[in-house]
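The following block contains the structure, expressed as structure tokens.
None of the figures in this text is laboratory data; all of them are computed from the coordinates on show. Quick caveat: nothing in here was measured; it's all calculated off a predicted structure.
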Amino acid sequence: MKKPRPSKLYKTGEVLKRAGISREVFYRYLNVGLIRPARTSPGGHNLFSDPVFRHIELIRSLNGSGFTLRDIKDIYFRDERIDAALQTPHDAPPEH
């Protein structure tokens, strides 16, 4: 049985070049929380995996359709927040 091939990790400059976006736009997406590094290198550099390119493409498409970055973040992470809310016992009696 073959082992799955580990996914490639990309430095910021590689992401910028491959995605065709400026450093300013990239950091705006990062600071707003629309993209997240997969890991941090031992030297402290953010490293990104392949899904970052699909995320950037989606962000650019939605932004080009008139959605603000905040709107996109709300849409993008809605399911994540719903899942977290469902797992939090809001009506649980206080512990003694």
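Using θ = phi - 60° and the Karplus form 6.51 cos²θ - 1.76 cosθ + 1.60, what ³J(HN,Hα) does each residue of region 10-17 get, whole Hz, x for Gly and Pro?
3J(HN,Hα) across region 10-17, in whole Hz: 10, 6, 3, x, 5, 5, 4, 5.
Could I ask something else about it? Given the Cα-Cα distance of VAL25 and ARG70 and 0.36 nm per residue of separation, how much length would full extension add, in nm?
14.8 nm
Need one word for region 10-87: rounded, prolate or oblate. Basis is the Cα gyration tensor (sqrt eigenvalues a ≥ b ≥ c); a/c below 1.5 gives rounded, then a/b vs b/c decides.
Because a/c hits 1.5 or more and a/b fails to exceed b/c, region 10-87 counts as oblate.
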